[in-house]
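Peer 1: Dropping the structure in here first, questions after.
Every number here is computed from the coordinates shown, using simple stated rules; none is lab data. This structure is a prediction, so every number in the text was calculated from the model and none was measured. Every residue, glycine as well, gets a Cβ built from its backbone with ideal geometry; the counts of neighbours run over all protein chains shown.
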Number of protein chains: 2
Amino acid sequence: MHIDQLSVAELSTQLDSVLKQYSALKELNLALDLTRGKPCSEQVALSDALDGILQGNYLAENGTDVRNYGGLEGLAEARALFSRVLNTPPEETFVGGNSSLTLMYNTIDFALTEGLSGPPSAWGNNDTVKFLCPTPGYDRHFAICEHLGIEMIAVPMLGTGPDMDRIERLVKEDPLIKGLWCVPRFSNPTGGVYSDETVERIARLGLIAGDHFIVMWDNAYAVHTLYDDASSLMPIRDLCYKYGTMDNLFQFGSTSKITFAGAGVAFLASSEENLTALKQHLALQTIGPDKVNQLRHVRFLANPETLAEHMTAHAAIIRPRFECVLNTLKYELSNSGMGAWSSPRGGYFVSFNTMPGLAKKVVKLAESIGVKLTPAGATFPYSEDPQDTNIRLSPTFPHLEDVKAAINAFVICVKLASIEHCLQRKR
Amino acid sequence: MHIDQLSVAELSTQLDSVLKQYSALKELNLALDLTRGKPCSEQVALSDALDGILQGNYLAENGTDVRNYGGLEGLAEARALFSRVLNTPPEETFVGGNSSLTLMYNTIDFALTEGLSGPPSAWGNNDTVKFLCPTPGYDRHFAICEHLGIEMIAVPMLGTGPDMDRIERLVKEDPLIKGLWCVPRFSNPTGGVYSDETVERIARLGLIAGDHFIVMWDNAYAVHTLYDDASSLMPIRDLCYKYGTMDNLFQFGSTSKITFAGAGVAFLASSEENLTALKQHLALQTIGPDKVNQLRHVRFLANPETLAEHMTAHAAIIRPRFECVLNTLKYELSNSGMGAWSSPRGGYFVSFNTMPGLAKKVVKLAESIGVKLTPAGATFPYSEDPQDTNIRLSPTFPHLEDVKAAINAFVICVKLASIEHCLQRKR
């Protein structure tokens, strides 16, 4: 029954029951963790063959000895393979080191301090620089902005992706808005896939935004489907090409959740003009990426078909964890009015919205019984969720039985917070 | 005979002879290259066992699964091993990604924009920031300064290291001097090793310099000896500890010239306070370094003794190349007055000084006959060698026969430029 329809007496009875369950959980001294968007051991073990795969052959196809310096843009065959993940031409794709976050940071730092088209274009020439941040979103994106002094404007995520009406209005009105963060497929944390219309409207933003506006297209979960029927993403590069907005687009990806987390390779795609400029910036910081690891990845993942099979094996491992979370939420909270959640078809997260004002409380209640959740607010700029409602659940890393125990405990905490809240309101 | 003692007639005769040799070389269509401080194929092959060394065991000593995220400061056993290279305690040593240049760039960027001890300490709060650059030195150090708008002050390298009288005077006089670049053992390009007195005086600079002064101690060739009798380097960390200047010191190193160039691991050591601050900066740019590659390196290099044996094998490969260069220079140019050069006992370079004003000419003459040399001036801030005299020779990468051909051609170019110059002066 919906919580709003319960009488004070009924709420009190339920509270007693939930409090008992909560106390019982406390006795168990749980130590569970749903905070981390990390692959589990079985997942990373899928790529154990990486070490040793070179079998003494350290030469790339064009004869490059990957054991030596050189090649800031990455190995040719790595560019060819990973451009297929981003749906970009190889010549518009760089393959770098182990972290796409580094590539994103460098891109923004470069645009800010040096300028995408030379010093006069540096965002930093303005006193204020602003970025659009679809929320809930990825905390590390927001941390980069905060660190570099970029003002963040939250825009809501809809079922189709970010609210494009609002975004178009904002970029038209305010030329100090220089960027938009996007996780277009299996968004962090909502799990949504941007609709074709949304992608097309984002590709056109460069036509209506002020100078040197960029879309930070973090396609971190490009191939990370849980089900075969997962929506595909319209390739934005071709649309940008069509609209002449190639210079407004930076795409990112990595193999951190394909092979080894933090020991894979990251990639970046943009216009050839942008890449040429960025390369000069990167050349000051490094002599080049680890080409040996790039060659390992190329030999291991081989081609889009092998990569797809590999991702199917990942899905088989983590799908039960997602289903455990979603089935429990459905069984325990459907039509209860105590929360709403996403049902992702890929990616690494389930996004849960409590009744307004209860997210922090739920996280605290869970912590008190040994269940760590991502801090409430983390999915918003400046860690401020104005409704105090969003909680990111990450079910991939713990064992299935721990996911089960954790989500059951989570549900008790949601019920406890919700019922107490309603009782207070009614009394 | 010394060039100054030759008559015009003698010079003219020699010129004819050298011009003939030069023309003959031109006919050969050489394609030789002494520009690159890169290990050769035989050297990198010494580490071929790296790939596959894990044999499916991806767990660190403390149980950390290196295939997953985490650990910004590097793997414990990697910190233990590489702290031995820098002569630092493991807890004061970070192990990072594949590039020490990245660590250096990040350190300076951090001190400049955020401050080693919080925002009020940021160098960027001053309109001008200056660095001391011992010359000849490493072009990539200078490029970082130039890129970040740091004014460079050249100080001469002496046989004992940088001119400390001058450095001490400068840092006392000018509080805007915030740093000093050092390659303390087998300097790039002179090959010299800083004397104990120099190291001690550098360790004390923090006591006389203005606020937040740092020594950038790039110990890139810490273990890269060519001969067993090579001078050792006094460990600067212990001196800084003694003088209370630990916060003024940042040390760097990497395995790029130990295992694979650009596919090894880099490391950084400083005070624990500095590391804690730097870590917060790095956390925004990356989730952590490639621990899989760190574990490979630990399993492969194992301990200081194994590492030393490995370096002996390197020396055996490149020593003949150095000896070829040095023997040729000695045989052809000793007491000629046409040049002076270093005789390094380790490292990657030979530093050659032409007669004043002739370095650019020699490089150009060499280029015209197919011998690429590092651009004259590259070893100076802003690429400006005030005497136009220094040329960096890098004999490690080409095959021995190519080194031989290249250095013979180089000698001809030096003779040609020198004789022409003397003739012009005398006529």
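Peer 1: Put a dot 7 Å past each Cα toward the Cβ at B:GLU384 and B:GLN55; how far apart are the dots in nm?
Peer 2: Each label point lies 7 Å from its Cα, and together they span 5.9 nm.
Peer 1: Additional query: Using amide H atoms built 1.01 Å from N in the peptide plane, name the residues 5+ places from A:LEU158, or on other chains, whose amide H lies under 5 Å from its own.
Peer 2: When sequence neighbours closer than 5 places are left aside, the close amide H contacts are A:ASP163.
Peer 1: Hey, another quick one. Would you mind giving the three semi-axes, in whole Å and largest first, of the ellipsoid equivalent to the protein assembly as shown according to its Cα gyration tensor?
Peer 2: They are 56, 27, 26 Å, listed from largest to smallest.
Peer 1: Between copies, how far apart are the B:GLU401 label points? List them in nm, one decimal, shortest first, with each point 7 Å from Cα toward Cβ, please?
Peer 2: Copy-to-copy label distances for B:GLU401: 6.8 nm.
Peer 1: Spin-label point model (7 Å from Cα, Cβ direction): what's the A:TYR241 to B:GLU323 distance in nm?
Peer 2: 5.8
Peer 1: For region A:350-397, what Kirkwood radius comes out of the mean inverse Cα-Cα distance, in Å? Show your work: numbers first, answer last.
Peer 2: Details: mean 1/r = 0.0933 Å⁻¹.
Mean inverse Cα-Cα distance, inverted, gives 10.7 Å.
Peer 1: Placing +1 at every Lys and Arg Cβ and -1 at every Asp and Glu Cβ, with all other atoms neutral, what dipole size does chain B have around its Cα centre, in debye to the nearest 20?
Peer 2: 1000
Peer 1: Dipole of chain A (Lys/Arg Cβ +1, Asp/Glu Cβ -1, origin at the Cα centre): which of A:MET216, A:TYR22, A:MET234 lies farthest to the positive side?
Peer 2: A:TYR22
Peer 1: For chain B, find the longest principal axis of its Cα atoms and tell me its angle to the long axis of helix B:291-301, 0 to 90°, nearest 10.
Peer 2: In chain B, helix B:291-301 runs at an angle near 60 degrees to the longest axis.
Peer 1: Is the shape of region A:195-324 rounded, prolate or oblate, going by the alpha carbon gyration tensor and its root eigenvalues a ≥ b ≥ c, with a/c under 1.5 for rounded and a/b larger than b/c for prolate?
Peer 2: oblate
Peer 1: Taking a 27 Å limit on the Cα-Cα distance, which of the listed pairs B:LYS26/B:LYS415; A:LYS38/A:LYS172; A:LYS38/B:LYS257 fall beyond it?
Peer 2: A:LYS38/A:LYS172; A:LYS38/B:LYS257
Peer 1: Separate question: Excluding residues fewer than 8 places away in the same chain, name every one of the aspartates and glutamates whose C-alpha is closer than 18 Å to that of B:LYS426.
Peer 2: By straight Cα distance, B:LYS426 reaches B:ASP4, B:GLU10, B:ASP16.
Peer 1: From the square roots a ≥ b ≥ c of the eigenvalues of the alpha-carbon gyration tensor of region A:116-168, which class results: rounded (a/c under 1.5), prolate (a/b over b/c), or oblate?
Peer 2: Note, shape of region A:116-168 comes out prolate.
Peer 1: Could you pull out which residues in region B:410-427 have an amide N less than 20 Å from a spot 7 Å beyond the Cα of B:SER7, following the Cα-Cβ vector?
Peer 2: Zone members listed by number: B:419-427.
Peer 1: Now for a separate question. Helix-only mean residue ellipticity at 222 nm, the protein assembly as shown, DSSP H runs n ≥ 4 weighted -39,500 (n - 2.57), per residue, nearest 500. What is it?
Peer 2: -13000 deg cm²/dmol, from helical runs alone.
Peer 1: By Cβ position, which chain B residue lies least far from the axis that rotates chain B onto chain A, and what is the distance to the nearest whole angstrom?
Peer 2: That would be B:GLY52, 2.
Peer 1: Counting pairs of alpha carbon atoms under 8 Å apart in space and at least six apart in sequence, what relative contact order in percent does region A:1-111 give?
Peer 2: 12
Peer 1: Another question about this same structure. Length gain on complete extension for the stretch A:GLU305 to A:ASN126, per 0.36 nm per residue less the alpha carbon to alpha carbon distance?
Peer 2: This chain segment gains 59.8 nm when fully extended.
Peer 1: Additional query: Local charge sum around A:CYS422 (other residues, Cβ-Cβ under 15 Å, Lys/Arg +1, Asp/Glu -1)? List each step's numbers first, then the result.
Peer 2: Values: positive: A:LYS361, A:LYS415, A:ARG425, A:LYS426, A:ARG427; negative: A:ASP4, A:GLU10, A:ASP16, A:GLU420.
Here the charged neighbours net out to +1.
Peer 1: Just the Cα atoms of chain B: what Rg and Dmax do they give in Å?
Peer 2: 22.9, 78
Peer 1: Name the residues whose placed amide hydrogens come within less than 5 Å of the amide hydrogen of A:ASP33, ignoring near sequence neighbours (fewer than 5 apart) on the same chain.
Peer 2: Close amide H contacts, sequence-distant or interchain: A:LYS372.
Peer 1: Also, quick follow-up: Give me the net charge for the shell around B:ASN248: Cβ to Cβ below 12 angstrom, other residues only, Lys and Arg +1, Asp and Glu -1. Can you show the working numbers first?
Peer 2: Values: positive: B:LYS178, B:ARG204, B:ARG237; negative: B:ASP211, B:ASP247, B:GLU273.
That sum, taken over residues with Cβ under 12 Å, equals 0.
Peer 1: What are the distances, in nm and sorted shortest first, from the label point of B:THR312 to the label points of the same position in each other copy, with each label point placed 7 Å from Cα along the Cα-to-Cβ direction?
Peer 2: Its label point is 5.4 nm from the equivalent points in the other copies.
Peer 1: Hey, for a label at A:GLU91 modelled as a point 7 Å past Cα toward Cβ, could you say which residues of region A:212-248 have their backbone N under 17 Å away?
Peer 2: A:238, A:241-242, A:246-247
Peer 1: Rounded to the nearest Å, what's the spacing between the alpha carbon centres of region B:239-282 and region A:68-86? Just the number, please.
Peer 2: 30
Peer 1: For region A:345-354, in order, what is each residue's ³J(HN,Hα) by Karplus, 6.51 cos²θ - 1.76 cosθ + 1.60 with θ = phi - 60°, in whole Hz (x at glycine and Pro)?
Peer 2: 3J(HN,Hα) across region A:345-354, in whole Hz: 9, x, x, 10, 9, 10, 9, 10, 10, 6.
Peer 1: Normalised radius of gyration for region A:61-301, please: alpha carbon Rg relative to 2.2 N^0.38 Å, two decimal places.
Peer 2: Ratio of Rg to 2.2 N^0.38 Å for region A:61-301: 0.97.
Peer 1: Let me ask something else about it. As I understand it, the value is the acute angle between the Cα axis of helix B:8-27 and the longest principal axis of the Cα atoms of chain B; what does it come to in degrees, rounded to 10?
Peer 2: Value to nearest ten degrees: 60.
Peer 1: With point charges of +1 on the Cβ of Lys and Arg and -1 on the Cβ of Asp and Glu, referenced to the Cα centre of chain A, which listed residue (A:ASN327, A:GLY159, A:GLY288) lies farthest in the positive direction of the dipole?
Peer 2: Checking the options against the dipole of chain A, the answer is A:ASN327.
Peer 1: For B:THR128, which inter-copy label distances result when the label point lies 7 Å beyond Cα on the Cα-to-Cβ vector, reported in nm to one decimal and in ascending order?
Peer 2: Spelled out, the distances from B:THR128's label point are 3.5 nm.
Peer 1: Could you check which residue among B:ARG296, B:ARG166, B:ARG392 shows the biggest mean-square fluctuation in a GNM of chain B with a 10 Å Cα cutoff?
Peer 2: B:ARG166
Peer 1: With both bridge residues required to lie in the protein assembly as shown, what share of the DSSP beta bridges run antiparallel, to the nearest 5%? The partial results should precede the final answer.
Peer 2: Details: 36 of 76 bridges.
The answer is about 45 percent antiparallel.
Peer 1: Let me ask something else. Name the shape class, rounded, prolate or oblate, that the alpha-carbon gyration tensor gives for region A:328-414, where a ≥ b ≥ c are the square roots of its eigenvalues, rounded holds for a/c under 1.5, and otherwise prolate holds if a/b is larger than b/c and oblate otherwise.
Peer 2: Rounded.
Peer 1: So for region B:59-302, averaging the separation of alpha carbon pairs under 8 Å that are six or more residues apart and normalising by length, what relative contact order in percent results?
Peer 2: RCO, region B:59-302: 28 percent.
Peer 1: Which angle between 0 and 90 degrees, to the nearest 10, do you get for helix B:100-113 versus the longest principal axis of chain B when only C-alpha atoms count?
Peer 2: 70
Peer 1: I've got another one for you. Can you give the Kirkwood hydrodynamic radius of region A:194-252 from its Cα pairs, in Å with one decimal? Don't jump to the answer; show the numbers that get you there.
Peer 2: On the way: mean 1/r = 0.0821 Å⁻¹.
Answer for region A:194-252: a Kirkwood hydrodynamic radius of 12.2 Å.
Peer 1: Quick check: residue separation of B:ALA45 and B:ARG166 times 0.36 nm, minus the Cα distance between them. What number comes out in nm? Intermediate values should be presented prior to the final figure.
Peer 2: Working: separation 121, 0.36 × 121 = 43.56 nm, distance 4.36 nm.
Residue separation times 0.36 nm, minus the Cα-Cα distance, leaves 39.2 nm.
Peer 1: Spelling out what I want: for every residue of region A:143-160, take phi, set θ = phi - 60°, compute 6.51 cos²θ - 1.76 cosθ + 1.60 (Karplus), and round to whole Hz; glycine and proline get x.
Peer 2: Karplus values, whole Hz, x for Gly and Pro: 5, 4, 4, 4, 4, 8, x, 8, 6, 9, 10, 6, 10, x, 7, 10, x, 9.
Peer 1: Still on this model: Within 11 Å, Cβ to Cβ, of A:PRO356, how many net charges do the neighbouring residues add up to if Lys/Arg are +1 and Asp/Glu are -1?
Peer 2: In short, -2.
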